[in-house]
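A.B. asks: Before we start, here is the structure in question, set down as structure tokens.
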Amino acid sequence: MLNEFSRSALLFGEDGMEKLKNARVAVFGVGGVGGYVVEALARSGVGTLDIIDDDKVCLTNINRQIIATRKTVGKYKVDVMKERILDINPKAVVNTYQCFFMPDNAADFPFDQYDYVVDAIDTVTAKIELVMQAQKAGTKIICSMGAGNKMNPAMFEVTDVYKTSVCPLAKVMRKELKARGVKKLKVVYSKEPALKPKEDMASSCKTGCICPPGAERKCTNRRSIPGSNAFVPATVGLIIASEVVKDIIGYEA
């Protein structure tokens with residue numbers, strides 16, 4: 001019988017679709033990258049999704065975040081994302097965590113129950129903790145490296161963190177993970193040198209913050225605010241989702 005995943009079944013097979021249905025994937029961060037990861041996983045038939053983010057949709061998110069529209073500005077991202085997932089697949093189980101992941105709340109997450117962990121956050125301390133928790137639990141993980149200030153989506157690739165170059169975030173991750181004895185880590189990154197954002201105070205969150213009331217982590221707290229666009233974060237998110245799906249169904253080219 002035809003259903004919303006029939007076209008996927010033509011590629012993944014019924015066995016693959018069953019594996020996706022029974023899978024539980026945690027996506028940490030549902031912004032520009034993570035939102036597209038969740039979207040693709042939901043449309044691929046992943047049965048259980050844990051989504052973690054403490055932020056609210058901001059007007060400045062509209063240029064790149066799939067859940068950001070005029071109607072969703074001011075709403076918590078995990079709430080908007082959950083509603084979207086269930087509109088796609090009403091049978092999905094969606095666990096939401098309205099919080100910012102850090103080492104001090106890592107125990108709140110059942111890493112040993114996840115089939116896959118997706119790191120789509122941009123704080124080094126949190127990223128390292130995610131890797132260590134996943135490794136401890138024996139759970140697969142894939143991490144997004146720097147996507148801000150990039151213009152060429154064709155330059156992103158999947159590799160091991162120790163094979164990366166150019167990307168400053170990947171460099172920090174290599175150093176920190178090596179010191180902790182981590183032997184390998186699947187990442188998505190780009191060798192494209194980051195562009196320097198244009199200094200335009202009219203477009204700067206530093207001087208014209210419009211974060212929704214109640215937002216805990218405002219852009220003004222950052223040392224610098226990266227520029228972004230509609231196509232780079234989306235590309236990274238879809239690449240990550242494809243890796244997760246292929247690994248879950250056991251696809252080999």
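A short reminder: the numbers here are calculations on the coordinates, not readings from a lab. Predicted model, so just to flag it, every value in this text is computed and none were measured. FYI the Cβ positions are ideal-geometry reconstructions off the backbone, even for glycines, and counts take in every protein chain you see.
A.B. asks: Straight-line reach from Lys191: which lysines have a Cα under 18 Å away, not including same-chain ones fewer than 8 places off?
C.D. replies: Lys150, Lys163, Lys171, Lys175
A.B. asks: For a quick size check, give me the Cα extents of the chain along its three principal axes, largest first, whole Å.
C.D. replies: Principal-axis extents of the Cα atoms in the chain, largest first: 56, 44, 37 Å.
A.B. asks: Got the relative contact order for the range 99-201 handy, in percent, Cα pairs under 8 Å and 6 or more residues apart? Show your work: numbers first, answer last.
C.D. replies: Values: 140 pairs, mean separation 28.8, N = 103.
Worked out over the range 99-201, it gives 28 percent.
A.B. asks: Using a 10 Å cut-off on Cβ atoms, rank the peptides 5-13, 52-60 from the highest mean neighbour count down.
C.D. replies: Values: 5-13: 13.9, 52-60: 21.2.
By packing density, highest mean first, the sequence is 52-60, 5-13.
A.B. asks: Could you grab the relative contact order for the range 54-112? Cα pairs under 8 Å, six or more apart, rounded to a whole percent.
C.D. replies: Once divided by the residue count of the range 54-112, the mean separation gives 31 percent.
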